[in-house]
1. Where does the range B:140-203 land on Rg(C-alpha)/(2.2 N^0.38 Å)?
2. Please report, to one decimal in angstroms, the Kirkwood hydrodynamic radius of the protein assembly as shown built from all distinct Cα-Cα pairs.
3. How far is helix B:165-175 tilted, in degrees, relative to the longest principal axis of the Cα atoms in chain B, given as a value from 0 to 90 rounded to the nearest 10?
4. Please list, in chain and number order, the residues 5+ apart from B:Ile290 or on another chain whose amide H is under 5 Å from its amide H, with Hs placed from the backbone.
5. FRET efficiency for A:Leu586 and A:Arg375, Cβ-Cβ distance as r, R0 = 22 Å, nearest 0.05?
6. Subtract the Cα-Cα distance of A:His335 and A:Ala510 from 0.36 nm times their separation in residues, and report this length gain in nm to one decimal.
7. Under the definition of Cα pairs under 8 Å and six or more residues apart, what whole-number percent is the relative contact order of chain B?
8. Please give the length that would be gained between A:Arg173 and A:Leu9 if that part of the chain were fully extended, namely 0.36 nm times their separation in residues minus their C-alpha to C-alpha distance (nm, one decimal).
Amino acid sequence: VKGTLAWRLAAALAAALSGLAALGVGHWAARRAEREAARRAAQSASAYLAFVAPPAAGSTGYDLARLLGFARGITTMAGWTGAVEVFHGTAPLIRTIAAPLPAERFAELQEREAALPYHGFVLVPLKDRDDWDVVGAVAVRQDGIAPDLLGIWELVILALLAVTGALAVRLPRGGTVACVLAAVLAGLSGYRQAVVASRKATDQWLGRARVLIEDAGSRAPPRAAAGLWPRMNAVAREGELVASDSGPTTVRRIVLSGGSRAEVRARFGPRRWLAMRAIPDEQRVAGWRFLGLGVALSGPALAALLGWLARARATPRARREALTAWGFLAPATLHVALFAFVPIGFAAYLSVHRWSPIEPLKPFVGLDNFSMVARDPLVWTSLRNTVLYSLHVPVAMAIALGIALALQRRSRAIRLARTLFFLPYVSSVVAVALVWQWMYHADFGLLNYLLSFVGLRPIDWLGNPSTALVAVMIVSIWVQVGYQMVVFLAGLQGIPQVYLDAARVDGASAWQRFRYVTVPLLRPVTLFVLVTGVITSFQVFTLIYVLTDGGPLHATDVLVYRIYQMAWEFLQFGGASALSLVLLVLLLGATWVQFRMLGRRVDYA
Amino acid sequence: VIGRRAAVVMLVSALACHGDGDRTVLELANWAEYREADLETQVLAPFEHAHPGIVVQQQSAGTGQAEYRERILTSIVAGTPPDVFLLDNIDVPAFTSRGVTIDLSPYLRRLGVDLTRYDSMVVGIFRRGEAVYALPKGYTPMVMVYNKDLFDRAGMPYPSDDWTWDDFLRVAKALTRDTDGDGQVDQWGTAFDRRVFLWLPWLWSGGADVLCADGTRASGCLDAPASVAAIRWYTNWVTRDSIVPRAFNLRRSLGDNLRLFQSGKVAMLTTGHFWIPMLRPAVANGRLRIGFVEIPHRAGAAPQTVIYASGFAVPATAPHRKLSIQLALFLADSAAQAIRAAGGLELPSLTSSADAIAAADTSGWEAVFRRATGHARAPWGARIERWREVEAALPDLMDRITLQGVDPRIAAREMAQRIDRLLAPDRVP
């Protein structure tokens, strides 16, 4: 009983700790949002000072007395919240009795020109009026945004996790399901912390930037305000500033060009209003929900494992064997998970977002990318071409099998022939494609030269839409046959000679021996070559990219080429990921069909 | 270009880097192939010499611009962008509107950079209002290269810059010949190319265009009578006049046509300065005698061509902002441009450097490029963000006419509608 209790306690602890870690992830994201809000506020204040503080005579630095006045003015602005300090060099200007900025910190700021943490503040450089040298710093305290890590609600969730974790040891199914549900609650609770804090961070920064812009506007000469407002872009850095009509001076969410924006209006001098917009921070934390859930779900997984270990105590040999098996499988599992499932998961994430490497906003768009892909006629063309292209696989297989049968015997010449057939497969695809490109040349190519001997007219192999795909398929067959031949040779050599001898004794002809002995016994190999061949053919890219670039008239435009073009040329990674998932489903379907058709008749014994 | 104050700043920063005993490594990304990369290494030597403690690592994606762009985008996503990178004109709209590169204009005055010393049109490619997002490295207008030997053999005078489409067609027909008498044509007047960057100047020189002036639509412009006439004339090279070999360039970056020109099979070719390094060896060993001439224009239309340029940009998230800006300025400065000019890949963006090269050139090639610059316009790619999608669609226009025999008027109208859909403001990619 004591032993069981220990397992239950361990499971409860594991589940509760994973829940705590999930909440910690959310809290960390919330603290990060808080830090970002302070950093942006400090940046805005730094830009504000660069705008309002006049230069010192004969220098690109600031008039110290005026800088001091403006720095202190920030703290008295209506609407500015939070502690702020401005340093000229290392000397504090607002609270002059405060400790100076350590020289090494200032040197680091000059060197890196980036935000640095400083005793609960975020420190950003104050640059001279030419935006070149760092002459001081602005520090804004990070506070008032991130909620406490553990409130009542969070404690309840942790207790629930502990209870259900312990339950998972006793009731493997029901307990684990309850533990999973509790873990989901923990993950979502952590995510909620991140979202709430991010929303507050955006609102806080926009609110602070607004009062700085309005103050700067009030100091600008009325007639010059029209020409000066673009300089406020530095205050609104990381957002955008546009001239607008009057509007609410509180932060609100609007939809712009299909994306959400946080907006606040600021008065910049008499009768001039500016709209300051930014991508809401809560939009940027969508990925955290997956991280929080992943961490939280590790608890139920651990609890289930502990439950299994507790039950397996009764059968130590089975437990040892299972652990050994998992030990051997772990590296491969880890490899597949890391290099196959993680990218697939990321592609799935991208497929439901509008995602571009240079686009700051990557909003969730649901199934819009799939809809866009389905409406694109070129996608359907590329799908048709891909299916047509894959038809070269059985042709290549037939040729490869024929060659394998012919090269079964062992002699030096045959070994040389095998090497020659295999050579294209290990050659650079680009080099192969370039050689074939020249061989296919309509006016100077080797193929047309040979055709001229039999009186045939030259063919524009790659330039004609009706022959281009076939031309690419021929190259592909030439490349693939060697590999398939080697696999078939291995299969042929695995067929016991006694079966063939028995058939010969029974009077079977060569064709009958091939048809009724060789072919059935080659089915596992045939299935392998077919499945891998079709998968490879669906993934063709390099040959197309080099030989035809998808042309002419999209006659060789295949799915992977379309994915490449959407992603890297048009920067539509969402659509490209949606299409790659479609390709994955197609490949799974094609493989399943092949297994259904051939797999049942395969004898692996 | 770099003033005294800038020199002091550079010296101070150099001493600062040297003082802490660490080497600061700056990464320069470009798409130079190995010969260009060698030249760029020579360019960088004085910078490293003037900045002890600073090492500039050149990351050359010599495989091509597509792969280079992938690398830049990936590094931006990963948060590890290069300190300075070469920005192609086609990426200017997207990179500048998304804040990928920093505006260099606030620093130019401080560092004593006088932008008026650069070719104004080339600088304009990287400018948005007052902001300057890259310092131009070099540029090329599109012109024609011709094989002097083939002209001489045909007893034809070399073309001059004021030639018209009619002159061109007459010459091209005369140079399309069966040289060995086997009944097969084995020398062609020119070569046809479906790639937009090569045929766009032909459209322009015919008074036509792909997009309307504001760059928001193609209907009314690509399918306008002047454009249809220009497209018809250009595609007639294949469908009616038979002055081009059959193989069209299918792959973007490989030049069947250039090889045919080098081997004397094609007499005239649309080209930029970028193919000169490939032509030079044959010229140097006497296998090829070539001349350059502006792209002919339709009678009644003004001569026009397109200009392509690249410039040095600093990513917004560059970790060594000041050093990066200094490096970008240095790379676009006269000393760097003089070294680079030896490669012959492009015209220097500094007007004085370009003039000096043209003055020293006895072949007369550079003078043609300089004259063509006077008739050149910035490419569409430098102006509108979705040009890549338009550019990917446009070869279909040529293919439909030359391969499927579709009437140019119909093909142009359908293509214009397709481009309109691509450029529709409410289309969310």
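Since every read-out is calculated from the coordinates, none of them should be taken as a lab result. Please read these numbers as outputs of a predicted model, since none were measured by experiment. Counting neighbours? That spans all protein chains shown, and the Cβs are built from the backbone with ideal geometry, glycine included.
1. Values: Rg = 13.2 Å, N = 64, 2.2 N^0.38 = 10.7 Å.
Relative to the rule-of-thumb radius for its length, the range B:140-203 sits at 1.23.
2. Numbers: mean 1/r = 0.0297 Å⁻¹.
The Cα-based Kirkwood calculation yields 33.7 Å.
3. The angle comes out near 70 degrees.
4. Those lying under 5 Å, H to H, from B:Ile290 are B:Lys148.
5. Details: r = 18 Å, r/R0 = 0.82.
For A:Leu586 and A:Arg375, the calculated efficiency is 0.75.
6. Numbers: separation 175, 0.36 × 175 = 63.00 nm, distance 4.62 nm.
Length difference between fully extended and current span is 58.4 nm.
7. Details: 753 pairs, mean separation 106.6, N = 429.
25 percent.
8. Gain in length upon complete extension: 57.2 nm.
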